[in-house]
1. When all alpha-carbon pairs of the stretch 24-112 are counted, what percent fall beyond 23 Å?
2. At 0.36 nm per residue, minus the direct Cα-Cα distance, what do residue 84 and residue 290 gain on full extension? Give it in nm, one decimal, please.
3. What list do you get for 311, 240, 95 if you sort them by fewest beta carbons within 10 Å?
4. For a quick protection proxy, order the peptides 280-289, 66-75 by their average other-Cβ count within 10 Å, most packed first.
5. Assuming R0 = 35 Å, what is the FRET efficiency of residue 146 and residue 310, from their Cβ-Cβ distance, to the nearest 0.05?
6. I need the P(r) histogram for the stretch 271-311: all alpha carbon pairs, bin width 5 Å from 0 out to the longest distance, whole percents.
7. I'd like the FRET efficiency for residue 73 and residue 114, computed as 1/(1 + (r/R0)^6) with the beta carbon distance as r and R0 of 35 Å, rounded to 0.05.
8. I'd like the distance separating the alpha-carbon centroids of the stretch 61-112 and the stretch 272-293, in whole Å.
């Protein structure tokens, strides 16, 4: 299948040293890009190419030669020669390497589901002194009370109430353990949407909560983000626009952003452009012509409207 196709990115000017990817004149050279991928991905690429308005030749092929770009369906987890790590690795590393967390490992509690053990292994290299607690399959309320020692405080409150007597007005607020001030959650959206409100419900109100991008990948619509208000997460540049568009789920927003960058960086390699700092859709790219390139991603807070606010 042969396609002639397009680029437009409108992000903030907070990174003036990075050039918008649409200013690089990728289509100024009549280069050709061969791609081996599924029919599902072909449709995505066709849509993206028309949206970006690039005047380049794209050939979809079943061949697997060295000059063919192979794109799997799970390409966020796929290694590409263009980038030094996978898209998922960049998201996780950005969260774990966030400056608000560095140097505070004794003040961090990390809550995680068992399927994210690989992410925990990475976190332990950054925060060996943090407290790691595996999440239960359900019943987060009791888990939170025990993990943060709220149950002990409630027991003391009940004892005081008995000693004071019910005839006196007694307003008791449980004390939360003070040996931590940051929480990191590695889980899916289904767990996080119950866990985060349970943390707040149990009077843990002044602690910063960081969530893995795997949580956002499970979000279907923006209103779902309201359960995650005031949490911090690593996200693509494109999500900072907080636009409502035809891309329905947040996983599709992530994959759409990375696929745009992947295609354009693959084309840029063919131009011998040289090194550059490029503001992409997924993240800011330290582009190297003859080596793999690195991403710089954003940490954002989810506000009360379900929008992402960059730190």
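1. Looking at the stretch 24-112, the distances longer than 23 Å represent 44 percent of pairs.
2. 72.9 nm
3. Ranking 311, 240, 95 by Cβ neighbours within 10 Å, fewest first, gives 311, 240, 95.
4. With the highest mean Cβ count within 10 Å placed first, the list reads 280-289, 66-75.
5. 0.50
6. Calculated over all Cα pairs of the stretch 271-311, the distribution is 6, 21, 20, 18, 11, 9, 8, 5, 2, 0 percent.
7. The calculated FRET efficiency here is 0.90.
8. Answer, in whole Å: 16.
Only the coordinates and a few stated rules stand behind these numbers; no lab work does. Keep in mind that what you see is a predicted model, and the values were worked out from it rather than measured. When we count neighbours, we look across all protein chains shown, and the Cβ atoms used for this are built from the backbone with ideal geometry, even at glycine.
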